[in-house]
Amino acid sequence: MKAHTYKSNFNQAELRQSVQKEYATRSIGNDMQSAFAPKEAYNLPNSSYQSERVCWVDIPKDWDIVRAQAHLDQMSKNKDLSPCIYQVLSFEPILTSDDRAFMNTLSSGEREAFLETKKRNQTIINPTTGEIIARSGMQLFRRLFFSNVQKEDIDLAVVRQVSAVEASGFEIPEEKSTKRTQKAESYATADAALDF
């Protein structure tokens, strides 16, 4: 816990959550074809991945660590609440309503600098290789948020898939469908899910 950098009437607390995800080592069905047998019949081993998520939250100025921890413990015991840290992925910097309101007070140059800072802080870097993480050749950005109720991760970095008709540039007659002449190089197939 520390004094808030920008808000003198708040303190900040660092929250940590350990997240474990299970992934099937092989796919037995997809969005087009059903699995022939129940998943359990295949006896596929699962692969698990564990990571630690960290985010900072504003807390009342007069709260200490003991009081903040007691409040978090109380939320965790409430059956209607389930506090968590969730992630948002995107192809562009992730901005909150507060960020957007603040940007409206800035000049054009200040806005650009603000966005560059957000990009730098939200860039996902592979800790082993130091490489910037991308999906379908596009840089990914990540931001973590606290929620006092259970919330699923949000993936906004979805790449539109192109049909074979669209990829060829073939025009579908107007009476059968809307006109589609977009070339395939504008889109790419989404990569496999990222683990982090």
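Bear in mind these aren't lab numbers, they're just calculated from the coordinates by the rules spelled out. All values derive from a computational prediction rather than experimental measurement. For neighbour counting, all protein chains shown are included, and Cβ atoms are generated from backbone atoms with ideal geometry for every residue, glycine included.
Could you go through segment 24-45 and let me know if any residue there is assigned to a strand (DSSP E or B) and either touching an Asp or Glu at 6+ places or on another chain (Cβ under 9 Å) or among the polar types (S, T, N, Q) (or both). Steps first, please.
Step one: of segment 24-45, the residues assigned to a strand (DSSP E or B) are 24.
Okay, now just the ones that are also either touching an Asp or Glu at 6+ places or on another chain (Cβ under 9 Å) or among the polar types (S, T, N, Q) (or both), so none.
Checked segment 24-45: no residue is assigned to a strand (DSSP E or B) and either touching an Asp or Glu at 6+ places or on another chain (Cβ under 9 Å) or among the polar types (S, T, N, Q) (or both).
Please indicate, with yes or no, whether at least one residue in segment 21-34 is free of Cβ contacts under 8 Å to residues at least 24 places away in the same chain, touching a Ser or Thr at 6+ places or on another chain (Cβ under 7 Å) and closer than 27 Å to K151 by Cα. Spell out how you get there, then give the answer.
Start the filter on segment 21-34 by keeping residues that are free of Cβ contacts under 8 Å to residues at least 24 places away in the same chain, which leaves 24-34.
From what's left, touching a Ser or Thr at 6+ places or on another chain (Cβ under 7 Å): 25.
From the residues that got through so far, the ones that are closer than 27 Å to K151 by Cα too are 25.
Yes, some residue in segment 21-34 is free of Cβ contacts under 8 Å to residues at least 24 places away in the same chain, touching a Ser or Thr at 6+ places or on another chain (Cβ under 7 Å) and closer than 27 Å to K151 by Cα.
Anything in segment 1-26 that is exposed (fewer than 10 other Cβ atoms within 10 Å of the Cβ), within 24 Å of the chain's Cα centre (by Cα) and hydroxyl-bearing (S, T, Y)? List them, or say none. Before you say what the answer is, go through the steps one by one.
First, the residues of segment 1-26 that are exposed (fewer than 10 other Cβ atoms within 10 Å of the Cβ): 2, 5-6, 8-9, 16, 18, 20, 22, 25-26.
Checking the rest, the ones that are also within 24 Å of the chain's Cα centre (by Cα) come to 16, 18, 20, 22, 25-26.
Within segment 1-26, S18, T25 meet the criteria.
Determine whether segment 47-66 contains at least one residue that is out of contact with any helix residue (DSSP H, G or I) (no Cβ under 8 Å at 6 or more places or on another chain), basic (K, R) and surrounded by 14 or more Cβ atoms within 10 Å (Cβ to Cβ).
yes
Q122 fails exactly one of the following numbered conditions: (1) farther than 17 Å from W56 by Cβ; (2) of a type in the set (S, T, N, Q); (3) under 14 Å from the mean Cα position of the chain (by Cα). What is the number of that condition?
Here Q122 meets the rest and fails (1).
Consider only pairs whose beta carbons are under 7 Å apart and that are at least six residues apart or on different chains; among these, list those whose first residue lies in segment 122-150 and is within 16 Å of Y86 (Cα to Cα) and whose second residue is surrounded by 12 or more Cβ atoms within 10 Å (Cβ to Cβ) and among the acidic types (D, E).
Cβ pairs passing all conditions: F141/E92.
Looking at the structure I just gave you, is L115 touching a helix residue (DSSP H, G or I) at 6+ places or on another chain (Cβ under 7 Å), closer than 24 Å to D153 by Cα and not polar (S, T, N, Q)? Lay out the reasoning, then the answer.
On the way: touching a helix residue (DSSP H, G or I) at 6+ places or on another chain (Cβ under 7 Å): no; closer than 24 Å to D153 by Cα: yes; not polar (S, T, N, Q): yes.
Criteria not met by L115.
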